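Since the structure comes first, as structure tokens, the remarks are kept for the end.
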Amino acid sequence: MSVEKTHLEICNLSKDQYPQIKTLMDQAYPDLGGAWPTHTIFRLIDQFPEGQIGIVDDGVLVGIALSVQVDYTRFSNPHTYEDIADGHDRVFSDAEGDALYGLDVAISDTHRGMRLGRRLYDARKELCRQYNLRAILAGGRIPCYYNHSAEMSPMEYIAKVDQKELYDPILSFQLSNDFQVKRLLKKYLPEDQESVGYATLLEWNNIMYEPTDTVLESTKSIVRVGAVQWQMRCVESVDEMLKQVEYFVDTVSDYKSDFILFPEFFNAPIMGLGEQSNQTEAIRFLAEYTDTFKNAMSRMAVEYNANIITGSMPLAEGDKIYNVSYLCHRSGKIDEQRKIHITPHEQNDWVIQGGDKIAVFETDAGRVGIQICYDVEFPELSRILAKQGLDILFVPFWTDTKNSYLRVRHCAQARAIENECYVVIAGSVGNLPEVESLDVQYSQSAVLTPSDFSFPHDATLNEATPNTEMLLFSDLDMDKLKILHSEGTVRNLKDRREDLYDVILKKET
């Protein structure tokens, strides 16, 4: 067949195409009785028209894929071909079914080698997504098994095909299209002598499936985040600073943001209100107001209907000081993440201690993690979060120079790629001469993505103007992450060699 003369189109099958359907099925299944009778095809088209897919070339039908809807629980367990089609060749599609069951696929002899089978399978997958079905199931023949049945069991044969030591025209094709063998079906089609009566129960899992119990319980597919690139400025009181915070929360919430991220130590200007003799006293003075800010920002999260990541603040526990970020849920719940890795400046001048717990937090807009500045430069932490199902990593940071900023930025970008998640970073700008060691800031807040075809070409969804106070808004498509995990060009999470290495916490979180 000349490719130059090919004009392929995908279509739904119609009843007037039955003669062509019969020709294709007779060619494909001469040893299994050939084509379905007219009443079977007509019933399929009447009951589930979208599931009967064809490919036409200049008006001539050259490929078909037939399907029905079924109950997943019933047909993901052992069954036979007679459970699909009764003795009168009647096939029933269940309109309430939550899975697609693949029946026959047939390609014209004139169009073999053109990957039309893959095109039909892609169309089935798209149908499964559009109908929000949980999986595609199929009973797959193993037509070359009869050549090896004397020396190996069906499961041994399947394993060798999976390892590409043997080739089976149906099973090899199914495996290359991301189907998995769930179990062996015995006496599936007894008259199938080539398969010796066996079949594989194959499943393609729809990672986009969302249970539709109630609208309120459904997971958001688009999540809006707002990052505050905060200007350090002198203040006369704590109330004045809280008014600045509320101004930004109010503004960001007007854009219906699900999350608002503030920078690390955003409330450091408060240190300028005291008369401390050294930096250690100054950070302890600031810690006296942490509960005030936490409670106020939790109230704002509820009132303005947005989850707030409070940047970070010093927390005093006895004689120890920690650098802590709070996740103030719009439900009123508060989660806490302490900075794990402490910079030399924090250790020497502020005597800050490192935390020992890391966790993913469940929110109404996805599973999120927080890593405060320096923590994002240690890939082990993000990997632990990724294994817990991380969707969005928030990184509040404070950096004084551009090279310090670039350490955070480049490591955050790597974390997005390695862990197939979104990373949102937010820092502060300007200068604060009244507070020792916080004289200057450098920041360019950004929203970073994995690096694959469905994301921006430079893996940067959005970024702020450097060293300018501003707000950054971005819509994160969570469905793209789901597809990336399963069908990405590379799959960093899926392809980890956990047989060779692993990252674990020595201490329970």
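Restricting attention to the range 3-205, close to 90% of DSSP beta bridges with both partner residues there are antiparallel. Remark on ILE352: its backbone amide H falls under 5 Å from those of GLN347, a criterion applied only to residues 5 or more positions apart or on other chains, H modelled at 1.01 Å from N.
Binning the C-alpha pair distances of the chain at 20 Å intervals from 0 yields a P(r) profile of 20, 39, 25, 14, 1 %, listed from the shortest bin outward.
Amide H contacts of VAL62 (H built 1.01 Å from N, in plane; Pro and chain starts excluded): ILE55, VAL56, ASP57 sit under 5 Å, all sequence-distant by 5 or more or on other chains. The phi-based Karplus calculation (6.51 cos²θ - 1.76 cosθ + 1.60; θ = phi - 60°) puts the 3J(HN,Hα) values of the range 51-60 at x, 9, 10, x, 10, 10, 10, 6, x, 9 Hz, whole numbers, x for Gly and Pro.
For the range 414-509, the list of trypsin sites (Lys or Arg not before Pro) that fall in a loop by DSSP and count at most 12 other C-beta atoms within 10 angstrom reads LYS494, ARG497, LYS506, LYS507. Applied to the range 350-361, the Karplus parametrisation 6.51 cos²θ - 1.76 cosθ + 1.60 on θ = phi - 60° returns per-residue 3J(HN,Hα) values of 10, 6, 7, 9, x, x, 9, 10, 9, 7, 8, 10 Hz, with x for Gly and Pro.
What's the center-to-center distance, using Cα atoms, between the range 189-206 and the range 112-165 in Å? Centre-to-centre distance over Cα atoms comes out at 9 Å.
For the range 259-334, GluC sites (Glu not before Pro) meeting the loop criterion (DSSP other than H, G, I, E, B) and having at most 14 other Cβ atoms within 10 Å: GLU275, GLU288. Which percent of the Cα-Cα distances in the range 222-483 go past 24 Å? Cα-Cα pairs in the range 222-483 separated by more than 24 Å: 42 percent. Taking the Cα centre of the range 329-457 as reference, the dipole from Cβ charges on Lys and Arg (+1) and Asp and Glu (-1) amounts to some 300 debye.
Spin-label pair THR38-ASP89: with each label point 7 Å from Cα along the Cα-Cβ axis, the two points sit 1.1 nm from one another.
Above 18 angstrom, tally the Cα pairs of the range 85-185 and express them as a % of all pairs, no decimals.
Percentage above 18 Å: 57.
Across the range 53-77, the residues whose backbone nitrogen lies under 20 Å from the label position 7 Å along the beta-carbon direction of ARG115 are 54-58, 62-65. Reported to the nearest whole Å, the Cα centre-to-centre distance from the range 6-68 to the range 228-302 is 66.
Are there any trypsin sites (Lys or Arg not before Pro) in the range 253-298 that are in a DSSP loop and have at most 16 other Cβ atoms within 10 Å? List them by number. Please list the in-between numbers first.
On the way: sites: LYS256, ARG284, LYS294; in loops: LYS256.
Within the range 253-298, the qualifying trypsin sites (Lys or Arg not before Pro) (loop, at most 16 other Cβ atoms within 10 Å) are LYS256.
Taken about its Cα centre, the range 222-483 carries a charge dipole of roughly 640 debye when the Cβ of each Lys and Arg holds +1 and the Cβ of each Asp and Glu holds -1.
Using the Cβ of GLN388 as centre and a radius below 12 Å, the other residues enclosed give a net charge of +1, where K and R count +1 and D and E count -1. Here the range 3-205 was treated as a single set of alpha-carbon atoms; its pair distances binned every 10 Å from 0 give 8, 35, 39, 15, 2 percent. Toward the positive end of the charge dipole of the range 222-483, with +1 on the Cβ of Lys and Arg and -1 on the Cβ of Asp and Glu, the farthest Cα among LEU393, PHE455, MET232 is that of PHE455.
Please name which of HIS341, GLY274, ILE170 has its Cα lying farthest along the dipole of the chain towards the positive end, using unit charges on Cβ (Lys, Arg +1; Asp, Glu -1) and the Cα centre as origin. The listed residue farthest towards the positive side: ILE170. Computed from the Cα positions only, the extents of the range 1-106 along the three principal axes stand at 46, 28, 23 Å, in decreasing order.
What the phi angles of the range 482-495 give under the Karplus curve with 6.51, -1.76 and 1.60, with θ = phi - 60°, is a coupling list of 4, 5, 4, 4, 9, 10, x, 4, 10, 10, 4, 6, 5, 9 Hz, glycine and proline written as x.
When restricted to Cα atoms, the range 355-428 yields an Rg and a Dmax of 11.7, 36 Å, respectively.
Here the residues GLU469, GLU487, ranked from fewest to most Cβ neighbours within 10 Å of their Cβ, fall in the order GLU487, GLU469. Computed over the range 337-489, the convex hull of the alpha-carbon atoms projects to a mean area of 9.5 nm².
The angle separating the long axis of helix 38-47 from the principal Cα axis of greatest extent in the chain is about 20 degrees. Assuming charge only on the beta carbon of Lys and Arg (+1) and of Asp and Glu (-1), the dipole of the chain about its Cα centre is about 740 debye to the nearest 20. Taking other C-beta atoms within 10 angstrom as a stand-in for reagent exposure, SER428, SER149, SER176 fall in the order SER176, SER149, SER428, fewest first.
In the range 222-483, Cα pairs under 8 Å separated by at least six residues give a relative contact order of 21 percent. Net length available on complete extension from ASP458 to GLN47 is 143.3 nm, with 0.36 nm assigned per residue and the Cα-Cα distance removed. Near the amide H of ALA138, within less than 5 Å, lie the amide hydrogens of GLY102, LEU202, all on another chain or at least 5 residues away, with H placed in the peptide plane.
Throughout, read-outs are computed from the coordinates displayed, never taken from laboratory work. Note that the structure is predicted; figures quoted are calculated from it, not measured. We place every Cβ from the backbone using ideal geometry, glycine too, and count neighbours over all the protein chains shown.
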